[in-house]
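Report on the structure given below.
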Amino acid sequence: MTEPRRARATEAFFGRRKGKPLRERQAAHLEHLLPSLRLDLAQPAPAELTTLFPQPVKRIRLEIGFGGGEHLVHRAAEDPATGFIGVEPFVNSMAKLLGQIEARELANVRLYDDDATQVLDWLPDASVDHIDLLYPDPWPKRKHWKRRFVSKLNLDRFARILKPGGLFCFASDIDTYVNWTLIHCRDHAAFEWTAEKAADWLTPFAGWPSTRYEAKARREGRSSAYLTFRRV
C-alpha cells in the first residue's frame, strides 16, 4: 500500500532529517533529555509563554533552524532572563545541542524537532519578542525558491506572534536570498527594515558569536548580510 503523501506544510522548508549515526551519548540525550524539553503541541500553548520555563524569564526568543546550535547556546548562556525556543528537524543537530544544554546546565531553552510552521501556528498572538532565522537553507535553484522559509505566509505568521516592536533577524551569505527577504519584508505591511546605512546590514548583530557555517562561507569568499526588521 502506498503511504499517503504528507501535506506540503510539513515538508516544504527542510531537507533530510538524519546524517551520520549518532554516538551512544547523543542517542541517550535524544531519548531521555529531549522529551523533557520538547514543546507539547498537542496541548494548547500557555497564555504566558514564560511559564514554559522552570525559572522566571522576561522575554521570549525563537530561533528557527538552529543548525549546530552555536548561536542558540551562546545567547541562552549570556541572557538567562530570556526564554529561548529552538526549532530544528535535523536529528544530528538536535543531538549536538542537547549535549551543550546539559554541559552548560541551561534552564532557559525549550525545543521542537519538526516543522517550524507547526510551532508558529501553536504560539499565541503577540507572545514572542524576537525571531531569528540565521543562514536558512537558500534553496538556490530557482525552481525551489518556493521552499524558502521567508514567504508571505510565514511573514504573516511572524507578524501574528511577534509583539509590537518585536524583531525579526535574518542572516545569509546568499545574495539572492538576501534580496528575496528584503523584497518580501518591504512588501509586508507589518515589517520595517531598521537599517539606515550600509554598515547596519554588513556588521554582525550585537554579541554575534559567529558559526561554523559562516566561517565556511568566508573561507569560500562569500560575505554575509545581517538584516533586522521591526514589527510595526
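The values are calculated or read from the model by the stated rules, or taken from the named source; none is laboratory data. All of these numbers come straight from a predicted model, not from anything done at the bench. Virtual Cβ from ideal backbone geometry, glycine too; neighbours counted across all protein chains shown. SASA here: full protein model, heavy atoms, side chains in, ligands and nucleic acids out. Shrake-Rupley method; radii C 1.70, N 1.55, O 1.52, S 1.80 Å.
General observations
- Residue, surrounded by the fewest Cβ atoms within 10 Å (Cβ to Cβ), within the stretch 19-53, restricted to residues that are outside any helix (DSSP H, G or I) and charged (D, E, K, R): Lys20
- Residue pairs whose Cβ atoms lie under 7 Å apart, sitting 6 or more positions apart in sequence or on different chains, and linking a residue in the stretch 178-190 that is farther than 16 Å from Asp200 by Cβ to a partner that is of a type outside the set (A, V, I, L, M, F, W, C) and open to solvent by less than 80 Å² (accessible area, probe 1.4 Å), are Trp180/Arg148; His184/Ser151; Ala190/Arg231.
- Residue that is farthest from Pro136 (Cα to Cα) [pool: residues in the stretch 198-232 that are open to solvent by 70 Å² or more (accessible area, probe 1.4 Å) and in contact (Cβ under 8 Å) with a residue 60 or more places away in the chain]: Val232
- Within this structure, Arg212 fails the test of being modelled with pLDDT under 95, over 18 Å from the mean Cα position of the chain (by Cα) and either under 30 Å from Trp122 (Cα atoms) or not hydroxyl-bearing (Ser, Thr, Tyr) (or both).
- Which numbered condition Ala76 misses (of (1) surrounded by fewer than 20 Cβ atoms within 10 Å (Cβ to Cβ); (2) out of contact with any helix residue (DSSP H, G or I) (no Cβ under 7 Å at 6 or more places or on another chain); (3) aliphatic (A, V, I, L, M)): (1)
- Any chance Phe168 is out of contact with any Gly (no Cβ under 9 Å at 6 or more places or on another chain) and assigned to a strand (DSSP E or B): yes
- Of all residues making up the stretch 205-228, the number that are assigned to a loop (DSSP other than H, G, I, E, B) and over 19 Å from Thr176 (Cα atoms): 7
- Qualifying residue in the stretch 83-98 (condition: surrounded by 17 or more Cβ atoms within 10 Å (Cβ to Cβ), farther than 25 Å from Phe191 by Cβ and among the hydroxyl-bearing types (Ser, Thr, Tyr)): yes
- Of all residues in the stretch 154-164, those satisfying the criterion of being assigned to a strand (DSSP E or B) and open to solvent by 40 Å² or more (accessible area, probe 1.4 Å) are Lys163, Pro164.
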